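Notes to accompany the following structure.
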Amino acid sequence: MSAVEALQSWLRARLEPVAADWLLGASSGADASDRAFFLAMGRVPQRVGKASLALEAAELAQAHAARPGWDPTDWTLDQAARIYLLCRSAHEPARFADRLERLFTAADLGEAQAYYRGLPLYPDPPRYRLRAEEGVRSNVRLLFESVAYRNPYPSEVLADAAWNQMVLKALFVGCPLDPIVGLDARANPALAHMLIDYARERWAARRAVNPELWRCVAPFAKGRMLDDFGKLLSLGTEADRQVALAALGRAPDPGKPAP
């Protein structure tokens, strides 16, 4: 089952028959003309509503099987319907990209969130790298999280510089790191040094440090970095100590952290 087929199946199971038939008909005609497509997109909230998609465990497994890393846990019916119509709307990548850009230009906050969440399902993924980078630079937390969270697109497409800034920004705005897909796999030396500098600045200001960041530091922890792990073990909270000990198992040469 493809991702688009999965969306269709989930929506049909949740929508009233009239709404499900409308969506199927709209998707059949969406590729015919821009007018038909944009008219259908504008009618989505009225036709399908904005209730939670509320996927069950088996359906989340379908999502991952159709598109590894894709996790539509928090999607709503209208978001799923928008992405379904969009993915059915144009098979030619350039035409698809033009339609998507026009949608972003006119989108309200909820619509933009949906289009960002759909990034892993679009054709020709590298074409949307700049759009994804714009999303993770957004000062609107909802938009930032729609790209950064439960979305395999950033880990697969963003260059290290953009990826590193995304992880650091998550810490700056108080977001947890665990929902970031590929966090451990995309750890890199530059990010480790950025996060160590961030942690030291926080400590100097007597402010708390999110212990999740050590997941990205540990694979490159040598020398002075190990002293920072020692500080966590001796002065940190119990949660800090547990994270430090777990992270040290991934360090290339843990040695003995300074007390």
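The values are calculated or read from the model by the stated rules, or taken from the named source; none is laboratory data. Just so it is clear, the structure is predicted and the values come from calculations on it, not from any experiment. Cβ coordinates were reconstructed from backbone atoms using ideal geometry, including for glycine residues, and neighbour counts include every protein chain displayed.
The condition of being modelled with pLDDT under 95, assigned to a helix (DSSP H, G or I) and loosely packed, with under 15 Cβ neighbours inside 10 Å holds for only one of Ser9, Ser28, that being Ser28.
Here Ala218 passes the criteria (1) hydrophobic (A, V, I, L, M, F, W, C); (2) surrounded by fewer than 20 Cβ atoms within 10 Å (Cβ to Cβ); (3) assigned by TED's automatic domain parsing to the domain that holds Gln242 except the one numbered (2). Quick check on the stretch 111-122. Is at least one of its residues assigned by TED's automatic domain parsing to the domain that holds Gln62, modelled with pLDDT under 95 and either more than 22 Å from Leu24 (Cα to Cα) or within 19 Å of the chain's Cα centre (by Cα) (or both)? No; the residues of the stretch 111-122 include none that is assigned by TED's automatic domain parsing to the domain that holds Gln62, modelled with pLDDT under 95 and either more than 22 Å from Leu24 (Cα to Cα) or within 19 Å of the chain's Cα centre (by Cα) (or both).
For the stretch 138-174, a residue qualifies if it is under 25 Å from Arg67 (Cα atoms) and part of a loop (DSSP other than H, G, I, E, B), and the qualifying residues are Tyr149, Arg150, Asn151, Pro152, Leu158, Ala159.
Looking for whichever is part of a helix (DSSP H, G or I), free of Cβ contacts under 8 Å to residues at least 60 places away in the same chain, of a type in the set (Lys, Arg) and buried (at least 20 other Cβ atoms within 10 Å of the Cβ) here; the options are Arg127, Arg95, Arg82. Which one fits?
Testing whether each residue is part of a helix (DSSP H, G or I), free of Cβ contacts under 8 Å to residues at least 60 places away in the same chain, of a type in the set (Lys, Arg) and buried (at least 20 other Cβ atoms within 10 Å of the Cβ) leaves just Arg82.
Out of curiosity, is Ala40 in contact with a Lys or Arg (Cβ under 9 Å, 6 or more places away or on another chain) and either in contact (Cβ under 8 Å) with a residue 24 or more places away in the chain or not aliphatic (A, V, I, L, M) (or both)? In short, yes.
Taken together, the residues in the stretch 98-124 that are in contact with a Cys (Cβ under 9 Å, 6 or more places away or on another chain) and assigned to a helix (DSSP H, G or I) amount to 1.
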